[in-house]
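Just below is one structure, and these are the notes that go with it.
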Amino acid sequence: MMNETASASPRRKLSSTQWIAIAMVVGILVGWLFPAADHPALFTAAKATSAVFLRMIKSLIVPLLFSTLVVGIAGHGDDMKKVGRLAFRAIVYFELVTTVALFLGLGAVNLVRPGDGINLSGATTDKAAELATTKITFSGVIEHMVPQSFFEAATHNEVLQIVFFAILFSVGLSRVQGKSKQVMLDFCQSLSEVMFKFTGLVMAFAPFGIGAAIAVTVGTSGLGVLKSLGMLVVTLYGTLAVFIMFVLIPIAMFARVPLRRFWSFIKEPWLIAFSTASSEAALPLAMERLEEFGLPKRIIAFVLPTGYSFNLDGSTLYLAIASVFAAQAGHVSMTFGQQLLMMLTLMLTSKGVAAVPRASLVILSGALTMFGLPLEAVAVILGVDAVMDMARTSINLVGNCLATAVMARWEGEFPDEAPAKAA
């Protein structure tokens with residue numbers, strides 16, 4: 001009888017995080033054993049699978065973000081002072097943390113000097129010159145924040161423009177009284193709930209999409225891509241680890257964010273961001289997990305997407321390392337003052353460009369051109385950019401999730417009771 005009971009007990013199922021980790025290992029093995037050059041059909045299929053997953057994710061970002069932000073602002077009080085206070089605090093926090101990231105990257109690249117011994121003579125500048133033609137200015141970024149059409153912004157998944165429109169829409173809705181306001185709030189609330197269920201359906205496909213994305217990366221570049229520029233990659237990964245240990249963790253402890261419980265909720269979005277090197281791919285699930293963690297919707301919907309444009313900790317640190325690496329590889333001596341000026345330029349031009357394809361390389365190419373540094377360095381970095389992009393994108397996500405928790409604590413809305421642990 002006891003044996004029958006024991007055999008009838010259900011076996012523990014693998015969590016979605018475990019399935020994603022398994023998919024990443026399988027993807028690495030497939031990419032290594034079946035390189036794209038020798039197996040083009042398999043590479044094409046893997047690339048299509050990865051693209052389908054990313055398209056599914058992108059299709060739900062706009063309705064999820066818009067509905068959640070409207071309900072969070074217009075449905076939870078009419079005090080617009082709270083919105084302005086949250087915006088001010090978030091921007092101050094973003095600037096402080098990204099400035100620390102810049103200086104940490106600057107110190108690491110001057111200490112390790114990964115550019116010494118790199119030969120740029122064989123590198124071509126065609127791709128780098130193409131990236132450098134995309135001019136990014138701070139005034140242009142400010143202008144780009146404001147959509148000329150909501151539908152155009154939605155079509156191109158312009159996250160910052162959607163946030164700007166949704167905030168103004170929420171302010172307008174909060175001033176409406178009666179049935180019209182309630183109908184719109186009910187619609188947005190229903191849309192938000194449906195989109196979170198939609199996110200769950202899409203995440204069921206995540207192991208396949210993520211495994212395919214890893215296979216494409218390894219199959220195209222190969223594991224040997226790390227050897228030639230290993231010191232640059234190690235410098236970035238090592239500095240990001242230092243940034244986590246001595247910046248993000250102390251911030252979390254100061255804000256009294258329970259680290260283990262916090263990590264249990266964001267580890268799956270982190271895996272998605274790391275494996276796909278796409279911030280957009282992890283955004284919907286990150287919003288869902290932070291809400292399950294107990295953070296209020298209005299703070300999640302404002303801080304998280306805004307941070308994707310203004311709080312790119314990993315990308316900012318990468319830009320500091322890559323720009324000075326270019327000077328070292330080109331044997332260009334830069335004074336500390338010149339390096340600081342370049343850091344200030346990167347700080348200003350790196351805001352609000354998350355939607356630009358290969359945004360970090362675009363910004364880097366523009367900065368190198370501005371300061372007369374060799375563009376050939378970008379061509380060299382392109383060889384390992386996929387590996388570095390995974391790291392900087394995942395740290396961008398962690399930094400923004402933490403920023404959301406810190407803002408909730410600052411606003412006095414951090415959950416006192418521990419919610420159930422994420423699977």
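The values are calculated or read from the model by the stated rules, or taken from the named source; none is laboratory data. For clarity, every value in this text was computed on a predicted model and none was experimentally measured. Counting neighbours? That spans all protein chains shown, and the Cβs are built from the backbone with ideal geometry, glycine included.
Taking the stated definitions as given, is I300 surrounded by 18 or more Cβ atoms within 10 Å (Cβ to Cβ) and under 25 Å from L86 (Cβ atoms)?
In short, yes.
Could you pull out the residue among S315, S333, S309 that is surrounded by fewer than 17 Cβ atoms within 10 Å (Cβ to Cβ), in contact with a helix residue (DSSP H, G or I) (Cβ under 9 Å, 6 or more places away or on another chain) and under 25 Å from L361 (Cβ atoms)?
Only one candidate passes the filter, namely S333.
Quick check: is even one residue across the range 114-127 at pLDDT 85 or above, farther than 30 Å from E411 by Cβ, of a type outside the set (S, T, Y) and touching a helix residue (DSSP H, G or I) at 6+ places or on another chain (Cβ under 6 Å)?
yes
Does S323 fit the bill of being at pLDDT below 85 and not aliphatic (A, V, I, L, M)?
No, not satisfied.
Pick from the range 221-230 the residues that are in a helix (DSSP H, G or I) and surrounded by 16 or more Cβ atoms within 10 Å (Cβ to Cβ): which of them is modelled with the highest pLDDT?
Of everything passing the filter in the range 221-230, S221 is modelled with the highest pLDDT.
Consider the range 28-62. How many of its residues are surrounded by fewer than 18 Cβ atoms within 10 Å (Cβ to Cβ) and either among the small types (G, A, S) or more than 20 Å from S275 (Cβ to Cβ) (or both)?
Counting residues in the range 28-62 that are surrounded by fewer than 18 Cβ atoms within 10 Å (Cβ to Cβ) and either among the small types (G, A, S) or more than 20 Å from S275 (Cβ to Cβ) (or both) gives 9.
Residues that are small (G, A, S) and under 25 Å from F414 (Cα atoms), at least 1 per element: which helices (runs of 4 or more DSSP H) completely within the range 279-335 meet that?
So the answer is 279-293, 297-310.
Report every pair of residues separated by at least 6 positions or lying on different chains whose Cβ atoms are under 8 Å apart, first residue within the range 389-411 and free of Cβ contacts under 8 Å to residues at least 60 places away in the same chain and within 12 Å of G307 (Cα to Cα), second charged (D, E, K, R) and surrounded by fewer than 23 Cβ atoms within 10 Å (Cβ to Cβ).
From the range 389-411, no pairs qualify.
Looking at the range 183-200, which of the residues that are touching a helix residue (DSSP H, G or I) at 6+ places or on another chain (Cβ under 9 Å), hydrophobic (A, V, I, L, M, F, W, C) and at pLDDT 85 or above is farthest from F66 (Cα to Cα)?
F198
Which ones in the range 286-297 are surrounded by 24 or more Cβ atoms within 10 Å (Cβ to Cβ) and not aromatic (F, W, Y)?
Of all residues in the range 286-297, those surrounded by 24 or more Cβ atoms within 10 Å (Cβ to Cβ) come to 286-287, 290, 293, 295.
Hits for the range 286-297 are A286, M287, L290, L295.
Which of the residues that make up the range 347-378 are surrounded by fewer than 23 Cβ atoms within 10 Å (Cβ to Cβ), at pLDDT 75 or above and closer than 12 Å to S315 by Cα?
M347
What are the residue pairs meeting all of these: first residue in the range 254-272, first residue among the polar types (S, T, N, Q), second residue surrounded by fewer than 14 Cβ atoms within 10 Å (Cβ to Cβ), Cβ atoms under 8 Å, and 6 or more apart or on different chains?
Qualifying pairs under 8 Å: S264/K421.
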